[in-house]
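Novice: Sharing a structure here in structure tokens format.
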Amino acid sequence: MSDATPSGEPISETADVVVVGGGPGGSTVATLLARSGHRVVQLEKESFPRYQIGESLLPSTIHGVCRLLGVDEKIKNAGFMHKRGGSFRWGKNPVPWNFLFAISPEFAGEGSYAYQVERMKFDQILLENAAEQGVDVRQRSRVNGTITDESGRVTGIRYVDADRVEHRIDAKFVVDASGNTTRLSKHAGGERIYSDFFQNVAVFGYFENGKRFPAPDSGNILCAAFDEGWMWYIPLSDTLTSVGAVISRDKAEHVLNAQEETLLHYVDRCEIVKDMLSDATRVTEGTYGEIRIRKDYSYANTRFWGNGMVLVGDAACFIDPVFSTGVHLATYSGVLAARSINSVLAGAMTEERAFTEFEGRYRREYAVFYEFLSAFYDMEQSEDSYFWKARKVTNFDRNDMTAFVSLVAGAYSGEQALTDPEQIIERFSASTAALTEAAERTGGMDTDSGQRMGHLFGTQVVRDVMEEMNAFQARGAVGTDGTEPPLLDGGLVPSADGLSWAEPAPATV
């Protein structure tokens, strides 16, 4: 409850948890905390709906997280474009080939699709759902500082509302879900480490009346590699398409000085995207009329929690967007964070026990996708191009690998392979070779889907990624009956309702 204070003093109140950020990660953790009976205040600096990049989702988000949040029917009825997988012009094969979710047994049936979404609409659905489920959502509320105690622990947040009135909220935990531009993550006690491997810049815009692949693949995202980088082509509706070029950071100055010319130049350099846009016109007015730039340098913080602060989504880590993992990592980390906070607030376990599980699972997820994407980049055979030469995984030296390990392993990883550079080199070499061979055997889009996808899903690195996603899709939404084994050595399992952690059942002989 808020109380007015003398002139010049902020309005003061208390909450169990303050969540900073109204995106998918913030709304996920806030909703699951409120559902457990906690008083949660969620602060968002902008007014929704607001523009956000990242329109292509994964099945585990739709069928796992959205179901757990109780928002799956609203998403289903929102009219978003169905996505059965991805279409790629990548590697040596000049013909596009498909990556379909349905070939994996765990994604068969109702779970074999995701959506391409307009993030303005998707994020608003999740934020409104949070408010409906008891979260005190406050838009146009800009955080301008933290409250700390004598030990340095964050005990609250200061913010300014839309009327420029200052507030302070004292809380037991603060969740930083404020994205890649966060100013709060340092309070967790770590620092941001950038990848030496993925250092790219994306320039992107929107087009009307671009072509579509024949049904049933018309909703697929297209990722197409060319000499200087790769392009995405995301159908958001029957007529609206998001198009972006991802290039190396040494091109950044050129992009900043001529955004539209740069985007159109790279469209012209990428034959398949050029053809898809041959009858299209760029949107030049309204929300989608701006050419935008994102420096998508991949990174991870050295700590994902500490001192009363918990980092989720892009505030904690970000990885190259070629496989659309941004919203997946944000919402998955939101679930993990909510389970840990709920467990601690209930007095069920210590912070160390609960948040070691949070960080271990989160880093493991990041590491699996990092390996997958690194091997995928290594498939491109354009040896005369700087963009691809700089991404030859198997040419890492010891110093590069040390930086890589610090990026993806962290103190709580539990992944022995990530602490041994020689094992990483060997694994990446094997992963790259397997993916390249599988893609060569896959054939074009007119090949039988079962035959072509059998090759790709037979590779270990693809199976690892799919197992990570479908583990949450299959079990995260419904919790566990106590028989699920821990994901981490000596780790925890989800509670029956999926909202907190539980100790695993004793092993039986």
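The values are calculated or read from the model by the stated rules, or taken from the named source; none is laboratory data. This one's a predicted model, so the numbers in the text were calculated from it and none came from an experiment. So basically every Cβ, Gly included, is an ideal-geometry build from the backbone, and we count neighbours across all protein chains shown. Side chains included, ligands, DNA and RNA excluded: accessible areas come from the protein's heavy atoms. Shrake-Rupley method; radii C 1.70, N 1.55, O 1.52, S 1.80 Å.
Novice: Using the Cα atoms as the points, what is the convex hull volume per residue of the stretch 145-258 in Å³? All intermediate terms of the calculation are to be shown ahead of the outcome.
Specialist: Working: hull volume 25.1 nm³, N = 114.
Roughly 220 Å³ of hull volume per residue.
Novice: Which whole-number value in Å² is the accessible area per residue of the stretch 255-302, probe 1.4 Å? Don't skip to the answer; put the middle values down first.
Specialist: Details: 2480 Å² over 48 residues.
That works out to 52 Å² per residue.
Novice: For the peptides 365-377, 201-213, what is the packing order when you average, over each peptide's residues, the other Cβ atoms within 10 Å and list the highest mean first?
Specialist: Details: 365-377: 23.8, 201-213: 19.7.
Per-residue mean Cβ counts within 10 Å order the peptides as 365-377, 201-213.
Novice: In the stretch 148-191, carbon and sulfur make up what percent of the accessible area (probe 1.4 Å)? Could the numbers behind the result be given before it?
Specialist: Working: 930 of 2330 Å².
Of all accessible area on the stretch 148-191, carbon and sulfur atoms account for 40 percent.
Novice: Next question, about the same structure. Show the residues, 5+ positions off or on another chain, whose built amide H is closer than 5 Å to the amide H of residue 198.
Specialist: Here the answer is 298, since their amide H atoms fall under 5 Å of that of residue 198.
Novice: Contact order normalised by length for the stretch 226-380, with contacts defined as Cα pairs under 8 Å and 6 or more residues apart; what percent is it? If you can, show how the numbers build up before the last one.
Specialist: Numbers: 126 pairs, mean separation 20.6, N = 155.
Relative contact order for the stretch 226-380 comes out at 13 percent.
Novice: On to the next question. Ranked highest first by the average count of other Cβ atoms within 10 Å around their residues, in what order do 181-188, 308-315 fall? Kindly include the intermediate steps, with their values, before the conclusion.
Specialist: On the way: 181-188: 17.9, 308-315: 28.5.
Most protected by this proxy first, the peptides run 308-315, 181-188.
Novice: For the stretch 143-154, what does the Karplus curve 6.51 cos²θ - 1.76 cosθ + 1.60, with θ = phi - 60°, yield as ³J(HN,Hα) per residue in whole Hz, taken in order and with x for Gly and Pro?
Specialist: Using θ = phi - 60°, the values come out as 5, 10, x, 10, 10, 10, 9, 5, 8, x, 6, 6 Hz.
Novice: Moving on to the next point. Under a Cβ-only charge scheme (Lys and Arg +1, Asp and Glu -1), can you give me the dipole magnitude of the stretch 127-239 about the Cα centre, in debye to the nearest 20?
Specialist: Values: 13 positive and 17 negative charges, 64 e Å.
Here the stretch 127-239 has a charge dipole of around 300 debye.
Novice: In the stretch 244-297, which GluC sites (Glu not before Pro) are in a loop and have at most 13 other Cβ atoms within 10 Å, using DSSP for the loop call?
Specialist: Details: sites: 253, 260, 261, 271, 285, 290; in loops: 285, 290.
Hits after loop and neighbour filter: 285.
Novice: Taking the Cα centre as origin and putting +1 on Lys and Arg beta-carbons and -1 on Asp and Glu beta-carbons, what dipole magnitude results for the stretch 15-64, to the nearest 20 debye?
Specialist: On the way: 4 positive and 4 negative charges, 23 e Å.
That gives a dipole near 100 debye.
Novice: Sum up the charges of everything whose Cβ sits under 13 Å from the Cβ of residue 330, counting Lys and Arg as +1 and Asp and Glu as -1, but leave residue 330 out. Intermediate values should be presented prior to the final figure.
Specialist: Numbers: positive: 119; negative: 123, 176, 314, 365.
Its environment carries a net charge of -3.
Novice: OK, next. What number comes out for the charge environment of residue 212, summing +1 per Lys or Arg and -1 per Asp or Glu over other residues with Cβ under 14 Å away?
Specialist: Around residue 212, the charge tally is -2.
Novice: Separate question: Under 9 Å from the Cβ of residue 304, count the other residues' Cβ atoms, weight Lys and Arg +1, Asp and Glu -1, and hand me the total. Before the final figure, lay out each step's value.
Specialist: On the way: positive: 303, 363; negative: 359.
Residues near residue 304 contribute +1 overall.
Novice: Follow-up question, since we're still on this one. Using the heavy atoms of the protein chains alone and a 1.4 angstrom probe, what is the accessible area of the stretch 307-360 per residue in square angstrom?
Specialist: Working: 1020 Å² over 54 residues.
So the stretch 307-360 comes to 19 Å² accessible per residue, rounded to a whole number.
Novice: Which value, in debye to the nearest 20, describes the size of the charge dipole of the stretch 65-215 about its Cα centre when Lys and Arg Cβ atoms bear +1, Asp and Glu Cβ atoms bear -1, and nothing else is charged?
Specialist: Roughly 600 debye for the stretch 65-215.
Novice: Could you point to the residue in 86, 152, 175 farthest towards the positive end of the stretch 59-218's charge dipole, with +1 and -1 charges on the Cβ of Lys/Arg and Asp/Glu respectively?
Specialist: 86
Novice: Considering lysine pairs in the stretch 7-161 that are 8 or more places apart or on different chains, how many have Cα atoms under 18 Å apart? Write out the running numbers ahead of the final one.
Specialist: Details: 45/121; 74/83; 74/121; 76/121; 83/121.
Eligible lysine pairs with Cα atoms under 18 Å apart amount to 5.
Novice: Compute log10 of I(q)/I(0) for the stretch 24-75 with the Debye formula, placing one identical point scatterer on every Cα and leaving out solvent, at q = 0.18 Å⁻¹, to two decimals.
Specialist: Debye curve over Cα of the stretch 24-75, log10 I(q)/I(0) at q = 0.18 Å⁻¹: -0.73.
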